[in-house]
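The structure appears below as structure tokens.
The values are calculated or read from the model by the stated rules, or taken from the named source; none is laboratory data. Values in this document were obtained by computation on a predicted structure and should not be read as measured data. For neighbour counting, all protein chains shown are included, and Cβ atoms are generated from backbone atoms with ideal geometry for every residue, glycine included. All accessible areas refer to the heavy atoms of the entire protein, side chains included, with ligands and DNA or RNA removed. Shrake-Rupley method; radii C 1.70, N 1.55, O 1.52, S 1.80 Å.
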Amino acid sequence: MTAARRRPGRASTALTVAMGLMLAYTLIPLLWLAISATKSHQTLFESPGLWFGDGFHLFENVRDAFAYEDGIYLRWFGNTLLYSVVGAGGASVIATMGGYALATYEFVGRRMLSAVVIGAISIPASALAVPTYLLFSDMGIVNTPWAVLLPSLASPFGLYLMRVYATEAVPDAVLEAARIDGAGELRIFLTIALRLLAPGFVTVLLFTLVATWNNYFLPLIVLNDPELFPLTVGLRQWDSLAQGGAGAGATPVLPPVITGSLLAVVPLIVAFLFLQRFWQSGLAAGGVKQ
């Protein structure tokens, strides 16, 4: 019993150190971003990276970010919000319905379909970007929002996660009792299963929301109209201008790039803080097999 009590302590110390290193690795770039957003273009290069420069220019930089190139940053922000909400929401709904079906129904090809889903997880999305572009080019939807939204609706990892979660969270006895009471399959899913699957749904929603919000390579390939760019592609375009140097008398580009990057992180932080209790319970329930 004593040894059993000591083992978690040693493991906890190692995990705490590892977690501290991961926390520093994650927070230091974010801290640099937050501090740099308060600097002017001149003090950005004259002051230490992790300390403030002369003056507080955050609000000035925010104003420049929203005003640069006729306020296209706000358009990029709206595009990213559209791609993320529709893409992540749609992917979560499809993954929930598919995972529930794979977990609760017996049908021909179920095992093979599950194997295909697991295999699809191992394929990186960047490897499919060029074939996706060629397919969408034949369909005539390149350089439209559909070219970004349609691939975002497919989440093999979300489908697999919901299948595992539905196996544990939806008891067969509850489904059988509902069927004996005369409830149809659609009504059982909407009124019973969906409530039990809510933590898993939120978990998949957060994963897909982060993936679509940070999506860069696919929009870079399928979009060439700046009006349709998400924040990732648009800010990279501004960063290219900053690296090339702005012309004499032009607005310095680097402070708007840094401030725009900081503002782009805020919605994800808010989403995690608002949904974290559902996310944590979803991961815990989906990771335990009774």
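Looking across region 101-120, just one residue is farther than 21 Å from residue 194 by Cβ and in contact with a Lys or Arg (Cβ under 8 Å, 6 or more places away or on another chain), and that is 114.
Table: residues versus (1) over 24 Å from the mean Cα position of the chain (by Cα); (2) polar (S, T, N, Q); (3) open to solvent by 20 Å² or more (accessible area, probe 1.4 Å).
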| position | (1), (2), (3) |
| --- | --- |
| 75 | no, no, yes |
| 101 | yes, no, yes |
| 104 | yes, yes, yes |
| 118 | no, no, yes |
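Is it the case that residue 177 is surrounded by fewer than 20 Cβ atoms within 10 Å (Cβ to Cβ), out of contact with any helix residue (DSSP H, G or I) (no Cβ under 6 Å at 6 or more places or on another chain), of a type in the set (A, V, I, L, M, F, W, C) and touching a residue at least 24 places away in the same chain (Cβ under 8 Å)? Even if it seems obvious, please write down each step before you answer.
Numbers: surrounded by fewer than 20 Cβ atoms within 10 Å (Cβ to Cβ): yes; out of contact with any helix residue (DSSP H, G or I) (no Cβ under 6 Å at 6 or more places or on another chain): yes; of a type in the set (A, V, I, L, M, F, W, C): yes; touching a residue at least 24 places away in the same chain (Cβ under 8 Å): no.
Here the answer is no, as residue 177 does not meet what is asked.
Are there any pairs with C-beta distances below 8 angstrom linking a residue in region 54-76 that is more than 21 Å from residue 35 (Cα to Cα) to a residue that is modelled with pLDDT of 90 or more and not in a helix (DSSP H, G or I), with the two at least 6 apart or on different chains, and if so which? Close Cβ pairs (under 8 Å, with a partner that is modelled with pLDDT of 90 or more and not in a helix (DSSP H, G or I)) amount to 76/229; 76/230. The residue that is most open to solvent (accessible area, probe 1.4 Å), counting only those in region 132-173 that are free of Cβ contacts under 8 Å to residues at least 40 places away in the same chain and within 17 Å of residue 87 (Cβ to Cβ), is 146.
The residues of region 221-247 include none that are under 17 Å from the mean Cα position of the chain (by Cα) and open to solvent by 40 Å² or more (accessible area, probe 1.4 Å). Can you give me the number of residues within region 50-90 that are farther than 14 Å from residue 256 by Cβ and among the aromatic types (Phe, Trp, Tyr)? The number of residues fulfilling the criteria is 4.
Against the definition (in contact with a Phe, Trp or Tyr (Cβ under 9 Å, 6 or more places away or on another chain), more than 27 Å from residue 137 (Cα to Cα), of a type in the set (A, V, I, L, M) and modelled with pLDDT under 90), how does residue 204 come out, yes or no?
Numbers: in contact with a Phe, Trp or Tyr (Cβ under 9 Å, 6 or more places away or on another chain): yes; more than 27 Å from residue 137 (Cα to Cα): yes; of a type in the set (A, V, I, L, M): yes; modelled with pLDDT under 90: no.
The answer is no for residue 204.
Can we say residue 85 is more than 17 Å from residue 157 (Cα to Cα), out of contact with any Pro (no Cβ under 8 Å at 6 or more places or on another chain) and surrounded by fewer than 21 Cβ atoms within 10 Å (Cβ to Cβ)? Against the criterion (more than 17 Å from residue 157 (Cα to Cα), out of contact with any Pro (no Cβ under 8 Å at 6 or more places or on another chain) and surrounded by fewer than 21 Cβ atoms within 10 Å (Cβ to Cβ)), residue 85 qualifies.
Residue selection: residue 62 fails the criterion of being closer than 27 Å to residue 152 by Cα and either aromatic (Phe, Trp, Tyr) or surrounded by 11 or more Cβ atoms within 10 Å (Cβ to Cβ) (or both).
Only residues that are among the charged types (D, E, K, R) and modelled with pLDDT under 60: list them for region 255-290, please. Lay out the reasoning, then the answer.
Filtering region 255-290 down to residues among the charged types (D, E, K, R) leaves 277, 289.
Of everything in region 255-290, just one residue is among the charged types (D, E, K, R) and modelled with pLDDT under 60, namely 289.
Inspect all residues belonging to region 208-226 and state whether any of them is farther than 27 Å from residue 264 by Cα and charged (D, E, K, R). Lay out the reasoning, then the answer.
Let us first name the residues in region 208-226 that are farther than 27 Å from residue 264 by Cα, namely none.
No, there is no match, as no residue in region 208-226 is farther than 27 Å from residue 264 by Cα and charged (D, E, K, R).
In region 198-219, the condition of being outside any helix (DSSP H, G or I), among the hydrophobic types (A, V, I, L, M, F, W, C) and surrounded by 21 or more Cβ atoms within 10 Å (Cβ to Cβ) is met by no residue. One residue is enough: does region 33-46 have a residue meeting the conditions open to solvent by 30 Å² or more (accessible area, probe 1.4 Å), over 30 Å from residue 192 (Cα atoms), of a type outside the set (Ser, Thr, Tyr) and in contact with a Pro (Cβ under 7 Å, 6 or more places away or on another chain)? Yes: one or more hits.
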